[in-house]
Amino acid sequence: MTAQLSLDEFIALLQKTPVITAWNPWLKVKLGKRVVVFPSLSEFRIAVNRFHPLADMPTVIFAGQNEAISSGHAFLPKVQCTYDPFKDPEFEFLLVQEFHELCLMPGVFKQSKIPDYFVESVESSQPAVAVFMVVDGLSFADIPDYSVLPCLVDGVSLTPEGMRRLVGKPHIAERLFARGFSNRVGFSYWDRHNELADQLFFTFTKGQLRKVEGFEQILEWLETERLEERTYVQIVRTGLDGYTHNHRDRPPKEHLLKAIRKDVEDLVDRLRKMRLTFLLFVTADHGILWDRDFPEDAVFLEEATVPVRYYREKENIPENLRQLGVWHPRDNTFSLPVTHYRRRLRSTEWGCHGGVSVAESFVPLLRVFG
């Protein structure tokens, strides 16, 4: 059995011997420059067999899922580190510093890759019904009781950009149509007069896109209608986003989260009652950084009517901030770290997004096979 070590125990062991552990992108970022890292057993083997001596530093050897530990490595301890970045206050700083590296690391679920994950899962499981649901504003930390994966928003944490990344290009609906999913139905709070909704439901005909006023209407439709096999269902549900921007009283966050959880549970229940095989993905466009989670030493830069957490034009970024935040070239946007805000929130604002923080930049990815 592989020994499980805390981060401190893991680092203490590294002072004595090279250690083999499963690939863990969060652990690699946490260890940083304090250790020598080998990304695979094979690369460590090559390094050992060279004439040049290895660096006299703590050494971690990450073993890939498909790598078997040979007898040649039997003398090295194989352990599992229980480090959890989402319980580490320092990870806020590391996320900003290593953001682009994390976006390139294998083993990190990334928002821009979710369309690929979804289509590949449909191809491998061959469900009768494929369901893709996006929640507008929901952080990974908001639903800890679900078996969810943390998904990195590998771009600016704003609704239009996040939503477009999630449906992909080519659109999920187009890709599934080419794989036999000729039937489709979409549910949205907006019709095609809304530009973003029109883009999100690209290729959905007027009869296939249904405007709803609440999630219960989606559940009622699924209960009364009989879906045909090879049907793609796309759902956009309001999350916490709207409540943070223009709400007279502090939003009842826990009540809202409970409602989201119940809707997901009810959706799964409806799908199971159809007696058709299904695949359901649930994710979000971005997370929310709530005002109560602002650091005590937060810096507020301006008094003007400007976005709270980002700059749109590179030339407008103050020189002293350029090394503190993250530039997203694809989105032409500069995101601020959790320590900095362009302005204070208004009396009707309770949170924000658009920056880079654990709350804004990690969303849940829930996958249900039925």
Note to self: Of all residues being over 13 Å from PRO337 (Cβ atoms), among the charged types (D, E, K, R) and over 25 Å from the mean Cα position of the chain (by Cα) in segment 271-312, which is surrounded by the fewest Cβ atoms within 10 Å (Cβ to Cβ)? Just the residue, please.
What the structure shows: GLU296
Margin query: Any residue that is over 23 Å from VAL326 (Cα atoms), part of a strand (DSSP E or B) and touching a strand residue (DSSP E or B) at 6+ places or on another chain (Cβ under 6 Å) - is there at least one of those in segment 81-104?
Written below: yes
Next item on the list: Pick out the one residue from GLY137, GLY162 that is within 10 Å of ASP285 (Cβ to Cβ) and in contact with a Leu (Cβ under 6 Å, 6 or more places away or on another chain).
Entry: GLY137
Next item on the list: Specify the residue that is surrounded by the most Cβ atoms within 10 Å (Cβ to Cβ); the eligible residues are those in segment 238-253 that are in a loop (DSSP other than H, G, I, E, B) and not aliphatic (A, V, I, L, M).
Entry: GLY239
Check: Being surrounded by 17 or more Cβ atoms within 10 Å (Cβ to Cβ) and either within 19 Å of ASP142 (Cα to Cα) or free of Cβ contacts under 8 Å to residues at least 60 places away in the same chain (or both), is that true of even one residue in segment 230-237?
Finding: yes
Notebook entry, point to check: If you go through segment 241-258, how many residues are among the hydrophobic types (A, V, I, L, M, F, W, C) and either closer than 24 Å to ILE172 by Cα or modelled with pLDDT under 95 (or both)?
Noted result: 0
Item checked: Only one of PRO127, PRO115 that is closer than 30 Å to LEU276 by Cα and not in a loop (DSSP other than H, G, I, E, B) -> PRO115
Next item on the list: Could you check how many residues of segment 187-229 are of a type outside the set (A, V, I, L, M, F, W, C) and buried (at least 20 other Cβ atoms within 10 Å of the Cβ)?
Entry: 1
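The values are calculated or read from the model by the stated rules, or taken from the named source; none is laboratory data. The model shown is predicted, which means the values in this text are computed figures rather than measured ones. Note: ideal-geometry Cβ built from the backbone for every residue, glycine included; neighbour counts use all protein chains shown.
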